[in-house]
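The block underneath contains the structure these notes are about, expressed in structure tokens.
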Amino acid sequence: MNGNRSDSATQASVFGSVHLGYVVVQSNRLSDWRRFGADAIGLHVDALDRDTARFRLDDRACRFLVQRGPAEDVVALGWQIDDHEAFDRIIARVTDRGVPITEATPEQAVLRGVERLWRFAGPKGIVQEIFTVPVTTSEPLRMISTGWVTGEAGMGHVAILSREPEAMRAYYDTVFDSRLSDYIDENISGLKMKIRFLRVNERHHSIAIANIRGVKVDPIRTRVQHINIQSATLDDMLDSFQRVTDLGFRMQWSVGQHTNDRELSYYCMTPSGFELEVGWNPIVVGPELESTWEPTTYQGISIWGHKPVADTVLTKFAQFRQALATVRTPEITVPQLAGGMSR
């Protein structure tokens, strides 16, 4: 294809047609994941076999896919594209810039509960997957929670720490026409960060990028810092907080309210070592707000709460040891889709 292609079909915006559809996790701790998902968080869990589990939040066949493997991390993000025209537009953007893109195997699509699935490289080595049609099921949900908010806002959001934040933002601008919702300036344990919040639909943000440029080591081992899902009711969110605590899973941040999207939430540690944020009632950037939205910079992540749960000396040491492994490892970027931005 012509690398300088600029026809109207490619350039037309796909904003509003993109929704976070599912998350793929690789882990050897499937029994812990099943207990964490079903008994603590309150999700519907389908154990397909000893090496594969899927979690449901709604009528979709899959929202979390956990497959046996050593990464203990999120390895792919699945994005639903509303129509074939927007889907083809995204494929053209990727291929025109020389980034390899491959059609998934039928087996991969079936596991994810989707049709027309394509995969290409993403920042920090997280594969980006796009699909058009999700597989739904009439099988009743078997879960403790009463429900989760998905729909036009997608299933939630992903937050990533980055030493290449400009490149990451440019990547999602190029691929999905993301829009900046706002910034937060925060200081966590002496680490000063400016966090960018990007939206691709009515959800206040589907991608959060915490700027750690200049930091020689990535302070966390995992590619993502957290994944967010949204409870349907405040009681659901608070009840799951209590279950996580009672069942002995590690709580990271207590219940609090964010400054920018006003979501009430808590953060706990998944069996794979990245965090899960369970939230309730964030701001929705609907058509009226969208037409007048102006990005704002907020000081601090939280209005109240979100207090860190004390780490032991051994936990701190383990985190430091993991971080040392990234000292000489450059962060993975996809410069062709980020306007050439990367060091």
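For this structure, a couple of remarks:
- Pairs where the first residue, in the stretch 26-48, is over 17 Å from ILE144 (Cα atoms) and the second is in a loop (DSSP other than H, G, I, E, B) and aliphatic (A, V, I, L, M), C-beta under 8 Å, 6+ apart: GLN26/ALA71; SER27/ALA71
- Restricting the stretch 53-80 to residues that are among the aliphatic types (A, V, I, L, M) and under 22 Å from ILE160 (Cα atoms), the residue that is surrounded by the fewest Cβ atoms within 10 Å (Cβ to Cβ): ALA71
- Residue match in the stretch 201-208 (condition: under 22 Å from ILE144 (Cβ atoms), of a type in the set (Asp, Glu) and assigned to a loop (DSSP other than H, G, I, E, B)): no
- Within the stretch 179-205, being at pLDDT 95 or above, of a type in the set (Val, Ile, Thr) and over 13 Å from the mean Cα position of the chain (by Cα) holds for ILE184, ILE195.
- Looking across the stretch 165-181 at every residue that is surrounded by fewer than 20 Cβ atoms within 10 Å (Cβ to Cβ) and not polar (S, T, N, Q), the one that is nearest to ALA92 (Cα to Cα) is identified as ASP173.
- Filtering the stretch 256-300 to residues that are assigned to a strand (DSSP E or B) and closer than 16 Å to ASP182 by Cβ leaves GLN257, HIS258, VAL284, THR296, THR297, TYR298, GLN299.
- Test for THR174: is it closer than 20 Å to ASP59 by Cβ, over 15 Å from the mean Cα position of the chain (by Cα) and among the hydroxyl-bearing types (Ser, Thr, Tyr): no
- Of the residues GLU275, GLU290, GLU263, the single one that is touching an Asp or Glu at 6+ places or on another chain (Cβ under 8 Å) and either closer than 19 Å to ASP185 by Cα or among the charged types (D, E, K, R) (or both) is GLU290.
- Matching residues in the stretch 155-164 - criterion: being surrounded by fewer than 23 Cβ atoms within 10 Å (Cβ to Cβ) and assigned to a loop (DSSP other than H, G, I, E, B): ARG163
- The residues in the stretch 137-193 that are touching a Phe, Trp or Tyr at 6+ places or on another chain (Cβ under 8 Å) and without any contact (Cβ under 8 Å) to a residue 60 or more places away in the chain can be counted, and the count is 0.
- Test: residue in the stretch 132-151 that is crowded, with 17+ Cβ neighbours inside 10 Å, modelled with pLDDT of 95 or more and closer than 26 Å to PRO219 by Cβ: no
- Of the numbered criteria (1) touching a helix residue (DSSP H, G or I) at 6+ places or on another chain (Cβ under 6 Å); (2) more than 17 Å from THR150 (Cα to Cα), the one PHE55 fails is (2).
- In the stretch 218-232 there is no residue that is in contact with a helix residue (DSSP H, G or I) (Cβ under 9 Å, 6 or more places away or on another chain), surrounded by fewer than 19 Cβ atoms within 10 Å (Cβ to Cβ) and either assigned to a helix (DSSP H, G or I) or free of Cβ contacts under 8 Å to residues at least 24 places away in the same chain (or both).
- The listed residues are TRP304, TRP253, and the only one of them that is under 24 Å from ASP39 (Cβ atoms), modelled with pLDDT of 95 or more, in a strand (DSSP E or B) and in the same structural domain as ILE184 (by TED's automatic domain parsing) turns out to be TRP253.
- Any hit, the stretch 206-218, residues being farther than 23 Å from LEU20 by Cβ, small (Gly, Ala, Ser) and more than 12 Å from the chain's Cα centre (by Cα): yes
The values are calculated or read from the model by the stated rules, or taken from the named source; none is laboratory data. Nothing here was measured: the structure is a model prediction, and the numbers come from that model. Cβ: placed from backbone, ideal geometry, glycine included. Neighbour counts: every protein chain shown.
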